[in-house]
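Since the structure comes first, as structure tokens, the remarks are kept for the end.
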Amino acid sequence: MRLTPGVRLGPYEVVSPLGAGGMGEVVRANDTRLNRTVAIKAMHDLFAQHPERVGRFEREAQLLASLNHPNIAAIHGLEEVQGSKYLVLEFVDGRTLSDVLGEGALPLTEALPIARQIADALSAAHERGIIHRDLKPGNVMVTAEGVVKVLDFGLGKALESEAPSSEPSNSPTMTMAATQAGIILGTAGYMSPEQAKGRAADKRSDVWAFGCVLFEMLAGRRAFEGEDITEVLAAIVRGEPDWTALPAATPPAIRELVERCLLKNRAERISDMSVVRFLLSERTHAGSTMSAPASGMMSTPRGQSIGWPVAAGLVAAAVLATAAAMWFLSPAPPGAGAGMVTRVSVTLPDGDQFHWANQLPMAISADGRTIVYAALRDGVPKLYVRAMSDSEPRVLAGTDGAKTPFFSPDGEWIGFFAQGKLKKIAIGGAALQTVTDAPEARGGTWDSDDTIYFTPRNAASIWKVSAAGGTATELTTLDRTRGETSHRWPHVIPGQQTLLFSALTGPGQDERQVVSLSLVTGDRHVLIQGGATPRYVTTGHLLYGNGDALFAVPWTPSQTSLAGAVPTAMVELPRLENETALAYGVSDNGTLVYLAGGPSRTLNRVVWVDHAGNTAPLSLPEREYESVVISPDGRRAIVQVYEGLLTLWMVDLARQTLTPFVTSGSSQAPIWTPDGTRVIYRGTRSGFRNLFRRSADGTGAEERLTEKIDVVQSATSISPDGAWLVFNEGSTGGTGVWKLRLDTDATAGVPELIFPVTERAQNGVISRDGRWMAYQSEVSERGEVYVQPFPGPGPRTQVSIAGGSVPLWSRDGRRLYFDSLDNRVMAVDVTTGATFSAGVPRVLFEGRFKSSANSNTPYDISLDDRRFLRVQPIKPDAGISQIDVVLNWISQLGGR
């Protein structure tokens with residue numbers, strides 16, 4: 001369809017032609033629905049005959065839609081009319097930079113602001129994994145107010161799908177078919193040498209094109225010229241710009257910057273637009289960095305990455321900015337020990353909190369340029385990416401519920417766990433994909449051959465899967481004869497065919513081991529007894545955590561023993577999370593990132609909390625309490641305590657005394673039988689995590705209720721008549737909810753499934769009348785509280801609105817309580833009986849209380865419904881709001 005004035009494309013009415021782009025014509029149109037002017041880009045008729053070009057056109061729409069930046073022209077939509085496709089774009093009222101330069105060179109005061117905005121646009125695109133590949137003055141619009149808009153990312157391509165080719169017919173620069181269609185993929189005068197040679201473009205190709213544009217703005221002529229395309233390409237590959245064309249008043253640092261952008265060997269070229277952006281910043285230009293650099297300061301060893309030191313200056317205080325830029329511009333001394341150890345921090349935006357979830361909440365890329373972390377914002381956990389060269393983090397859309405992120409070796413992808421799945425997303429935020437199931441993950445790592453190693457659940461071995469997705473297969477096997485309960489926190493050493501991981505034989509610190517595994521032979525070797533969360537660094541050291549301390553010991557992947565080696569305790573004390581996770585990471589260039597605070601375990605107290613949030617502590621000794629559950633008569637409570645392993649203690653609420661109940665072997669998640677005579681709990685015995693029952697008076701031996709291997713079972717509720725026990729069962733596929741008859745003649749009945757793992761439900765709690773069950777589920781991609789008939793089946797009713805967990809019925813059955821993600825206890829008025837209905841959740845009170853994953857009974861309510869029994873830290877954790885960064889940290893290991 002010809003886009004002539006007056007033609008209608010849905011709500012868009014063509015007004016006038018604007019020009020022709022590589023993919024087709026561009027017209028100005030009126031959006032009659034929203035009363036705004038837009039630009040419409042139509043696919044060239046010749047392209048419509050080729051599916052791959054149609055695909056390129058659609059990818060352009062997707063790429064543009066993923067960019068949201070003031071210096072990038074936005075996309076409003078993708079339309080299809082009578083079989084033809086059209087992009088609806090932001091209309092930019094201004095002149096192209098090509099038209100501006102038609103009037104001659106720009107003075108420095110005009111050229112630099114334009115250059116900064118172009119650099120901002122390209123840097124933002126690169127962060128989202130997108131390269132332009134056709135930057136030129138004709139694709140830069142300048143408004144009357146001096147605002148720059150970079151156009152036509154139609155040749156941009158997600159970095160992860162880049163596939164170099166040596167075949168001329170597949171050249172990303174130009175093709176015969178493209179020439180016949182009247183276009184060149186990448187305009188010749190601004191092409192990088194690698195594109196001119198038919199090789200794949202990357203973000204350094206955009207750096208080259210930027211250098212060409214900056215040269216032209218200053219000199220008033222192109223950097224590479226010729227009478228035809230052949231001569232231009234020859235000049236790009238073999239020639240040099242006429243450097244004398246730059247005005248004599250050009251600051252030396254600007255001249256050096258242009259030269260650095262136009263180095264033919266892209267391994268020596270400035271590697272990142274964020275570096276260019278920093279060197280063009282007004283703050284830097286005003287300082288010594290952009291005045292008179294020393295001779296040769298731009299020279300860097302061949303192939304060396306040069307972006308990180310600038311990043312250091314950007315996360316440090318402003319006083320470090322100039323020094324960091326000088327560090328970047330200076331040749332790097334050889335050896336890991338060179339350079340100064342510098343400590344800076346990355347602070348989270350106000351209101352954000354790290355999302356713990358018993359996981360490692362952050363990671364650093366191998367090149368040390370980017371940090372990713374999981375944080376709560378408005379109660380919703382998501383992933384945030386913080387480039388070291390930026391002042392603010394960027395949220396990755398679609399990562400709700402994310403935890404334990406990790407980078408691909410090239411830093412272009414992020415693996416993470418959410419909604420019971422292992423997922424991946426491009427660092428720019430595009431191409432979100434589900435890789436495989438991982439219901440209760442305990443760590444992941446990405447090898448250079450695109451294999452991901454991960455632990456899918458709490459009590460599991462390590463599995464492997466292709467990063468492209470597919471069926472995961474088990475890599476390691478738990479040694480039950482040694483009582484192993486989990487292999488977790490894997491760390492692969494790229495190129496060494498070696499995997500490090502933590503092996504647990506029990507909950508105590510001494511029952512944790514650092515193990516090396518040969519990915520070739522399958523041989524396993526215990527390297528450290530009493531260590532966890534291992535990492536390998538390029539100085540030839542093994543890092544690991546023991547308690548809240550970080551240790552380093554000399555080691556190479558070929559070593560099978562560390563007998564006689566003396567570990568060194570480092571001065572940093574990373575935060576020790578539950579599940580043996582030490583919150584730290586190290587990049588290949590020697591940068592350490594960690595969450596400070598030493599041990600996360602603190603002394604707690606047991607408190608009564610009224611509905612207004614007022615607390616009254618019990619006069620019990622301060623210990624590492626984790627959860628409480630009140631007896632049916634209200635006179636006693638069982639409190640869970642961590643003492644190297646989890647134990648259960650009985651509390652006399654009237655006398656406020658504490659006596660041991662089950663202290664041999666790890667025991668947790670207790671619940672009372674309705675008559676108060678017995679207690680059911682989870683016990684870890686010889687590597688198996690099953691359900692046990694014991695008399696509440698402490699007499700007699702414990703009685704095993706279930707016998708099942710490779711699962712984690714936790715009791716959550718017993719029906720009021722004592723007939724049914726409800727419990728969680730975690731397996732490789734996820735967590736299911738089961739019921740077990742207790743009123744049988746035998747010791748126990750046969751478990752029956754209520755919710756399969758696909759429902760992603762847990763923590764079922766039966767109502768006081770026995771007719772309904774409240775539980776939490778992630779069927780809506782976020783944990784919410786639901787109610788459905790018990791023992792079922794029947795329809796479910798969602799009770800929470802903005803997330804919820806660990807539901808609790810009031811004693812009179814008229815309310816349902818639950819915890820929110822933002823330290824609030826919520827209350828909902830409900831009616832039960834033949835039918836169920838719920839009101840609107842309201843905040844009862846706020847406060848920081850323990851809500852341990854080691855128990856499904858973190859709190860309980862008094863018999864009169866007037867107050868809750870909870871566990872409260874003596875010094876409530878205000879939440880860590882920053883990531884500590886140590887630049888050149890690795891140099892401290894050189895002499896150790």
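Points to keep in mind about this one:
- Top-ranked residue of the stretch 392-416 - restricted to ones that are among the small types (G, A, S) and open to solvent by 20 Å² or more (accessible area, probe 1.4 Å), ranked as modelled with the lowest pLDDT: G401
Residue-by-condition table, conditions (1) over 24 Å from G444 (Cβ atoms); (2) touching a strand residue (DSSP E or B) at 6+ places or on another chain (Cβ under 8 Å); (3) not charged (D, E, K, R):
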site: D523; (1), (2), (3): no, yes, no
site: V526; (1), (2), (3): no, yes, yes
site: P534; (1), (2), (3): no, yes, yes
site: W555; (1), (2), (3): no, yes, yes
site: A563; (1), (2), (3): yes, no, yes
site: M570; (1), (2), (3): yes, yes, yes
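- All conditions in (1) modelled with pLDDT under 90; (2) touching a Phe, Trp or Tyr at 6+ places or on another chain (Cβ under 7 Å) hold for E703, with the sole exception of (1).
- Subset tally (residues that are under 14 Å from H491 (Cα atoms) and either under 27 Å from the mean Cα position of the chain (by Cα) or open to solvent by less than 10 Å² (accessible area, probe 1.4 Å) (or both)) for the stretch 532-571: 12
- Identity of the residue in the stretch 235-249, out of contact with any Ser or Thr (no Cβ under 9 Å at 6 or more places or on another chain) and open to solvent by less than 30 Å² (accessible area, probe 1.4 Å), that ends up nearest to G198 (Cα to Cα): A235
- Restricted to the stretch 799-815, and to residues there that are open to solvent by 50 Å² or more (accessible area, probe 1.4 Å) and over 31 Å from the mean Cα position of the chain (by Cα), the residue that is farthest from R741 (Cα to Cα) is R814.
- Of the candidates A696, A654, A669, the single residue that is closer than 30 Å to P873 by Cβ and open to solvent by 20 Å² or more (accessible area, probe 1.4 Å) is A654.
- In the stretch 639-659, of all residues being touching a Leu at 6+ places or on another chain (Cβ under 9 Å) and part of a loop (DSSP other than H, G, I, E, B), the one that is modelled with the highest pLDDT corresponds to L653.
- Against the conditions (1) at pLDDT 90 or above; (2) assigned to a loop (DSSP other than H, G, I, E, B), F727 satisfies every one except (2).
- Residues that are open to solvent by 30 Å² or more (accessible area, probe 1.4 Å), outside any loop (DSSP other than H, G, I, E, B) and at pLDDT below 90 within the stretch 197-232 comprise K203, I229, T230, E231, listed in sequence order.
- In the set (1) open to solvent by less than 10 Å² (accessible area, probe 1.4 Å); (2) within 12 Å of the chain's Cα centre (by Cα), G368 fails one condition alone, (2).
- Long-range neighbours under 9 Å by Cβ, at least six apart or interchain, first residue without any contact (Cβ under 8 Å) to a residue 40 or more places away in the chain within the stretch 193-209, second assigned to a helix (DSSP H, G or I): G198/P168; G198/N170; R199/P193; A200/E194
- For the residues V679, V628, the requirement of being in contact (Cβ under 8 Å) with a residue 60 or more places away in the chain and surrounded by 16 or more Cβ atoms within 10 Å (Cβ to Cβ) singles out V628.
- Just one residue in the set S820, S777 is farther than 27 Å from K708 by Cα, within 28 Å of the chain's Cα centre (by Cα) and open to solvent by less than 30 Å² (accessible area, probe 1.4 Å); that residue is S820.
- Residue within the stretch 631-638 that is assigned to a strand (DSSP E or B), more than 25 Å from W809 (Cα to Cα) and either in contact (Cβ under 8 Å) with a residue 60 or more places away in the chain or within 35 Å of the chain's Cα centre (by Cα) (or both) present: no
- Number of the exception - G736 against (1) in contact (Cβ under 8 Å) with a residue 12 or more places away in the chain; (2) over 32 Å from the mean Cα position of the chain (by Cα): (2)
- Contact map, the stretch 699-722: residues that are in contact (Cβ under 8 Å) with a residue 24 or more places away in the chain and among the acidic types (D, E) paired with residues that are buried (at least 16 other Cβ atoms within 10 Å of the Cβ) and outside any loop (DSSP other than H, G, I, E, B), Cβ distance under 6 Å, separation 6+ or inter-chain. Pairs shown: E702/F692; E702/R694; E703/R693.
- Among the residues of the stretch 380-391, those identified as modelled with pLDDT under 85 and either part of a strand (DSSP E or B) or open to solvent by 10 Å² or more (accessible area, probe 1.4 Å) (or both) are V380, P381, S389, D390, S391.
- Of the residues in the stretch 782-798, none is touching a Gly at 6+ places or on another chain (Cβ under 8 Å), open to solvent by 30 Å² or more (accessible area, probe 1.4 Å) and either of a type in the set (A, V, I, L, M) or assigned to a strand (DSSP E or B) (or both).
- Long-range neighbours under 7 Å by Cβ, at least six apart or interchain, first residue under 20 Å from T370 (Cβ atoms) and among the polar types (S, T, N, Q) within the stretch 263-288, second modelled with pLDDT under 75 and open to solvent by less than 20 Å² (accessible area, probe 1.4 Å): S271/I306; S271/G307; S274/G307
- For the stretch 459-498, filtering for residues that are among the acidic types (D, E) and open to solvent by less than 10 Å² (accessible area, probe 1.4 Å) leaves 1.
- Filter result for I270 (at pLDDT 80 or above, closer than 18 Å to P113 by Cα, surrounded by 20 or more Cβ atoms within 10 Å (Cβ to Cβ) and not charged (D, E, K, R)): no
- Answer residue from the stretch 580-614, given it is open to solvent by 60 Å² or more (accessible area, probe 1.4 Å) and part of a strand (DSSP E or B) and is modelled with the highest pLDDT among those: R605
- Residues satisfying the stated conditions in the stretch 823-848, i.e. surrounded by fewer than 15 Cβ atoms within 10 Å (Cβ to Cβ) and either more than 26 Å from G351 (Cα to Cα) or modelled with pLDDT of 95 or more (or both): D829, T831, G833, A834, T835, S837, G839
- The listed residue being open to solvent by 20 Å² or more (accessible area, probe 1.4 Å) and of a type in the set (S, T, N, Q), out of Q359, Q353, Q419: Q353
- Selection of strands (runs of 3 or more DSSP E) fully inside the stretch 409-490 by the criterion of at least 3 residues being more than 28 Å from I131 (Cα to Cα) and in contact with a strand residue (DSSP E or B) (Cβ under 8 Å, 6 or more places away or on another chain) returns 463-466.
- One residue from S686, S664 being open to solvent by 50 Å² or more (accessible area, probe 1.4 Å), at pLDDT below 90 and in contact with a Gly (Cβ under 6 Å, 6 or more places away or on another chain): S686
The values are calculated or read from the model by the stated rules, or taken from the named source; none is laboratory data. Model, not experiment: these values are computed from the prediction. Heads up, the Cβs are rebuilt from the backbone with ideal geometry, glycines too, and the neighbour counts pull from every protein chain shown. Protein only, heavy atoms only, side chains kept; ligands, DNA and RNA dropped before computing areas. Shrake-Rupley method; radii C 1.70, N 1.55, O 1.52, S 1.80 Å.
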